[in-house]
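Beneath this line is the structure, given in C-alpha cells, with notes to follow.
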Amino acid sequence: MVLRLRDRADLWTLLMPPTVWATHFLYCYVVAAVQCAKAGISLTAPEGGQAFAALGMVRPLVAAGTAVALLLIVIGARQAWRHTGGGFHDLPHDAATPEDRQRFLGYATLLLSALSFVSVIFIALPAFLIRDCR
Amino acid sequence: MVARLFWVMLVAGAVIWLAMMLLALHASRRRQAPWSDRSAARLILWGGAVTPTLILAALLVFGLGLMPTLRAPGDGLRIEVQGEQFWWRIRYTLPDGRSLTTANEVRLPRGQRSEFLLTAQDVIHSFWIPALGGKMDMIPGATNRLVLEPERTGQFRGVCAEFCGSSHALMAFSVEVMEPADFDAWVAAELAPAATPRGEGAALFMARGCGACHTVRGTAAAGRIGPELTHLAGRHSLGAGILPNDAATIDRFIREVNVIKPGARMPGFAMLPAAETAAIAAWLGSLR
C-alpha cells in the first residue's frame with residue numbers, strides 16, 4: 001500500500017507524505033477532543049468559574065504521533081530521493097521516457113515531503129503552546 | 001495584548017513586503033546578467049522555502065504563545081445571559097454567591113475579568129459588545145463562555161449579531177462599565193425590592209395580568225416569561241436597547257409593542273383604557 005517501500009515511484013509513493021500529514025492532523029484533533037471531552041467539564045452546561053480541563057496525555061500523545069509522522073515522511077523522502085536518481089540528473093525531468101517519469105515522480109514526492117514535514121510540525125505546535133482545554 | 005499581536009504582525013508583514021519589493025527591484029535591474037542554475041536553485045531553496053517557513057514558524061509561535069493569556073478565566077463575577085426573541089435575560093452571580101436577575105442591560109466593574117455564560121431559549125442569537133470584545137453565539141441547549149475585561153468606564157452598546165427573527169435588528173442592550181465601588185453600590189440597590197411596591201399603577205399591573213409574565217420583586221408579580229422589571233426606571237434604555245426610558249415611552253410600549261417590536265411574544269394592550277396604561281407606565285417609570 002501507501003507505506004510499503006517500493007523500488008519504483010508511482011502515485012502511491014507520491015501520495016504517502018500528504019497522507020501521513022492528513023492522518024496526523026486528524027490524530028491530533030481526535031486525541032485533544034477525546035481528552036477534553038472526558039476530562040469532566042460538561043460542554044452543554046459548564047459551571048461558571050470552573051477551571052478548564054488539563055491537557056493530560058494530549059502532549060505526550062501528540063509528541064509521539066508527531067515523531068512517527070515525521071519518521072514516515074523522512075522514509076518517504078529518502079525513497080523519493082532514490083527515485084530521482086540521487087540528484088545526478090538535471091531538471092526538469094520532462095522527457096517522454098520511463099526514466100524521466102520516475103525522476104519526475106520522485107522529485108514531486110520529495111517536494112511534497114518537505115511541505116508535509118513542515119505542516120506536521122505546525123499542526124503539532126499548538127499542543128505545546130496552549131495551557132489547557134479552553 | 002491584541003494590540004501587541006496586531007503591531008507585531010503588521011510590522012512583520014511590512015518588513016516582508018519591503019524585502020519582496022527590494023528583491024523584485026533587484027531582479028528587474030539584473031536582467032542583463034543571467035543566473036547560473038546553481039545560484040537560482042539556491043535562491044529558490046532559501047528565499048522561497050526555508051526563509052518563509054522560518055518566518056511563519058516564528059510568527060505562529062508568537063501568536064499561539066499569546067493564547068493562554070488572552071483566554072484567561074474570570075475573576076469571580078459571573079453573568080448568565082440568555083437570548084430570547086427579542087430581549088436578553090440576565091442573571092448575575094456575585095463572587096460571594098448572591099445572585100441578581102435583570103434584563104436588557106449589562107453593568108460591569110472596570111478592571112475585572114467578568115465571565116459570561118451565554119445560552120439561548122428559542123433560536124440562535126449572538127452576544128456582541130463591539131467596544132469590549134468579539135461576539136459569541138448563544139445556542140439553545142449549549143452554553144458558551146466569554147470573559148471580558150473592560151479597561152475604561154463608559155456606556156457602550158451591545159447587539160444581537162445573529163439573525164433571530166423579525167425584530168432581530170431591534171434586539172440590543174446597553175452596557176455600562178463602572179468603577180468597582182460604583183458597581184457594588186449599583187448591585188446593592190438592584191438587590192433591594194421595588195422602590196414603590198404599592199399604588200394605583202401597581203394595583204392595575206396586577207389586575208390586568210402583567211404579573212403573569214413579569215416579575216417586580218416586592219410585589220405579587222412573579223412571572224418568569226418576560227423581562228424582570230423591578231428596577232426598570234434605572235436602566236438606560238427601554239425595549240432591549242431601542243427606546244429612551246421614560247414613562248411616556250413605557251406607556252406607548254405597553255399599548256403598541258406589536259408595532260414597535262414585530263414578532264415579540266408580548267401582545268399590545270391598546271384595548272386597555274389610556275388612563276390605565278398611563279398609570280401602569282407612571283408606576284413602572286418610578287421603579288428606580
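Things worth noting here:
- Rounded to the nearest 20, the Cβ-based charge dipole of chain A about its Cα centre (Lys and Arg +1, Asp and Glu -1) stands at 320 debye.
- Fraction in percent of alpha-carbon pairs per bin - 10 Å, the range B:2-70: 16, 38, 25, 14, 5, 0
- Working note: Cα gyration tensor of the protein assembly as shown, eigenvalues times five, square-rooted, sorted largest first, giving semi-axes of 63, 23, 20 Å.
- Ellipticity estimate at 222 nm from DSSP helix runs (n ≥ 4, -39,500 (n - 2.57)) divided over chain B, nearest 500: -11000 deg cm²/dmol
- Relative contact order computed over chain B (Cα-Cα under 8 Å; 6+ residues apart), in percent: 14
- With all pairs of different C-alpha atoms in the average, the Kirkwood value for the hydrodynamic radius of the range B:116-224 is 16.6 Å.
- With the gyration tensor restricted to C-alpha atoms of the range B:200-284, the semi-axes of the equivalent ellipsoid amount to 17, 15, 13 Å, longest first.
- The chymotrypsin sites (Phe, Trp or Tyr not before Pro) found in the range B:24-62 that occupy coil by DSSP, while having at most 14 further C-beta atoms within 10 Å, are B:W35.
- Antiparallel bridges, percent of DSSP beta bridges restricted to chain B (to nearest 5): 70
- By DSSP, the beta bridges lying fully in the protein assembly as shown are antiparallel in about 70 percent of cases.
- Database remark: amide H of B:V147 closer than 5 angstrom to the amide H of B:F116 (H placed geometrically; neighbours at sequence offset of 5 or more, or on other chains; Pro and chain starts carry no H).
- FRET efficiency for A:R6 and A:A95, using Cβ-Cβ distance with R0 set to 22 Å, rounded to 0.05: 0.50
Every number here is computed from the coordinates shown, using simple stated rules; none is lab data. Quantities reported herein were computed from a predicted structural model and do not represent experimental measurements. Neighbour counts run over all protein chains shown; Cβ positions are idealised from the backbone, glycine included.
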